[in-house]
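Reviewing the structure listed below.
The values are calculated or read from the model by the stated rules, or taken from the named source; none is laboratory data. Because the structure is a prediction, the values reported are computed rather than measured. Note that each Cβ is placed from the backbone with ideal geometry, even for glycine, and that neighbours are counted across all protein chains shown.
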């Protein structure tokens, strides 16, 4: 860490010792710890070096300064960062993107260089289930340990600035570390020292660097600071056109409002000016989150089916009692455990390092991912115990019957409560301000709607065919199950209707995602909506019509196919459409469409393109 300074180190590379205010603009103290704190004087142990730097401002919050008027998009900052951190071609802790506006001959381009902002409220730290992140007292740096990370990528979801980078080839996340090793010997980060045009600077936050007089927190293309309180300040004085456009694939422009501030709005034409076309884009429904599509739907179906199986006999549904179907009862319960086990295995395959799945419990205090995993684990154990107690009671013949019944009741109700709690924690994972398309109560209505829809559907179909095989009638449970299914479907329909209206009104990335939903995925979106409407009509029909057992089973099976296809399509759209509040990219880098093009055409096989051929 403590490398000797170069003999002729330039003056611009050294940190400045300047006066600073006591608090930043968010009301947080710039002193990271009190002077008498035991945290002072500790080593960062960078590269195994236990020595402590002598920087007098070691315990003050530092941050980056960016003067957009000076940036010439030379990418020297990117190169210096990549070289210092020995990054692969597909990684970039710091990236330069841009927005453009105006018309010839006064066409304007605004460059933005962005890395981690080492925020006062680092949502990456709170969201990480493995506790791989730490907000250090030294310089206020937010550091991440790739060796602790198991590659779930949740920090990349919650960060509004695309700072954490998930390396799919290595299966873990890494990010800008503020070059704390350089700070320890009084040098600015490598990216700042390499900046040719003086656009980047670094120092104690809320102090004004040389040749600057603005400390703004807004610039076209930069997301709201309300989410994380980032430690970056901007200066941009040159006149800009009233509308600036992104050149990456995100359909957004930034337009001046009455206050002169740039707001994100939907761009209904491409960069070339062509209007968007309505498409199916079925191949684009497949994403890295495919395992989560299956995991969430199966978990919701299992929770719904178990709750109804447990409560059914309590409300008089004799068909669902173990006495009526002594073979179907344990088989169905073991079947639920089996498919839930499959779902859990699939969820671990979503991780970059599946063998480290056990680390998901490490951050129960803050991370919704940890809470969801804990909720599912508790539910899984409760239904396992309930299955053994009620499905194989002969194993517990040594217990008095009242005790056995009490234990069955406790584990059954435990499964009901923990299952509902697990789905609640599951929905909280997606309430992310940095992803407006997800940050809506529609996620709640969709997830619990599926509990009411998929659970009764699964339970009814299994018991229908069991009863038919036994030559017995099963349709006495059909009207009530159809009622539950129709309520679940209507709950999802209402949520989707309100969701789309709120997205349109809210503007920004949420409205852009909905625009993509109605154009690039337009036909798929309409097919999903038609499927929901058809399923409602069919379930209402099943509630009111008197059909014989075989005809009813056929109708239920057809309805099940429609509902399952609709649910899978809707959940795939849920993951494929979401747009983060991330920084602008360019034509070739940090551009989702170019990455897709590179993989489709084989360009990604060339490392210098900076796109991995395949994603985990």
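Screening residue 166 with (1) buried (at least 20 other Cβ atoms within 10 Å of the Cβ); (2) outside any strand (DSSP E or B); (3) not assigned by TED's automatic domain parsing to the domain that holds residue 57 gives one miss only, at (2). One residue alone among 83, 9, 78, 35 is assigned by TED's automatic domain parsing to the domain that holds residue 182, exposed (fewer than 15 other Cβ atoms within 10 Å of the Cβ) and either touching a strand residue (DSSP E or B) at 6+ places or on another chain (Cβ under 8 Å) or in a helix (DSSP H, G or I) (or both), and that residue is 83. Condition test on residue 89, is it in the same structural domain as residue 209 (by TED's automatic domain parsing), touching a helix residue (DSSP H, G or I) at 6+ places or on another chain (Cβ under 7 Å) and surrounded by fewer than 16 Cβ atoms within 10 Å (Cβ to Cβ)? Yes, satisfied. Within the range 121-145, how many residues are assigned to a loop (DSSP other than H, G, I, E, B), surrounded by 22 or more Cβ atoms within 10 Å (Cβ to Cβ) and on the phi < 0 side of the Ramachandran plot? Qualifying residue count, the range 121-145: 7.
Matching residues to (1) assigned to a helix (DSSP H, G or I); (2) farther than 20 Å from residue 292 by Cβ:
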{"site": "425", "(1), (2)": "yes, no"}
{"site": "436", "(1), (2)": "no, no"}
{"site": "440", "(1), (2)": "no, no"}
{"site": "460", "(1), (2)": "yes, yes"}
{"site": "465", "(1), (2)": "yes, yes"}
{"site": "471", "(1), (2)": "no, yes"}
{"site": "492", "(1), (2)": "yes, no"}
{"site": "496", "(1), (2)": "yes, no"}
{"site": "501", "(1), (2)": "yes, yes"}
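For the range 209-234, a residue qualifies if it is closer than 21 Å to residue 586 by Cα, touching a residue at least 60 places away in the same chain (Cβ under 8 Å) and outside any strand (DSSP E or B), and the qualifying residues are 219, 220, 221, 222, 223, 224.
Is it the case that the range 142-155 has a residue that's in contact with a strand residue (DSSP E or B) (Cβ under 8 Å, 6 or more places away or on another chain) and within 18 Å of residue 82 (Cβ to Cβ)? Checked the range 142-155: at least one residue is in contact with a strand residue (DSSP E or B) (Cβ under 8 Å, 6 or more places away or on another chain) and within 18 Å of residue 82 (Cβ to Cβ). No other residue among 198, 203 is in a strand (DSSP E or B), in the same structural domain as residue 62 (by TED's automatic domain parsing) and surrounded by 15 or more Cβ atoms within 10 Å (Cβ to Cβ) apart from 203.
Let's see how each residue does on (1) touching a strand residue (DSSP E or B) at 6+ places or on another chain (Cβ under 9 Å); (2) under 30 Å from residue 443 (Cα atoms); (3) modelled with pLDDT under 95:
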position: 548; (1), (2), (3): no, no, yes
position: 561; (1), (2), (3): no, yes, no
position: 584; (1), (2), (3): yes, yes, yes
position: 596; (1), (2), (3): no, yes, yes
position: 600; (1), (2), (3): no, no, yes
position: 612; (1), (2), (3): yes, no, yes
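Assigned to a helix (DSSP H, G or I), modelled with pLDDT under 95 and over 22 Å from residue 448 (Cα atoms): does that describe residue 555? The answer is yes for residue 555. When residue 583 is tested against (1) crowded, with 16+ Cβ neighbours inside 10 Å; (2) in contact with a helix residue (DSSP H, G or I) (Cβ under 8 Å, 6 or more places away or on another chain); (3) more than 30 Å from residue 452 (Cα to Cα), just one condition goes unmet, and that condition is (2). The residues listed here are 515, 530, 541, 521; of these, the one that is modelled with pLDDT of 90 or more, surrounded by fewer than 18 Cβ atoms within 10 Å (Cβ to Cβ) and in the same structural domain as residue 486 (by TED's automatic domain parsing) is 530. Going by the conditions given, is residue 426 surrounded by 23 or more Cβ atoms within 10 Å (Cβ to Cβ), out of contact with any strand residue (DSSP E or B) (no Cβ under 8 Å at 6 or more places or on another chain) and at pLDDT below 95? So residue 426 fails the test.
Matching residues to (1) at pLDDT 95 or above; (2) in contact with a strand residue (DSSP E or B) (Cβ under 6 Å, 6 or more places away or on another chain); (3) part of a loop (DSSP other than H, G, I, E, B):
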site	(1), (2), (3)
326	no, no, yes
331	no, no, no
341	yes, no, no
345	no, no, no
355	no, no, no
373	yes, no, no
378	yes, no, no
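For the structure I just gave you, tell me whether residue 483 is buried (at least 21 other Cβ atoms within 10 Å of the Cβ), assigned by TED's automatic domain parsing to the domain that holds residue 540 and closer than 20 Å to residue 556 by Cα. Criteria not met by residue 483.
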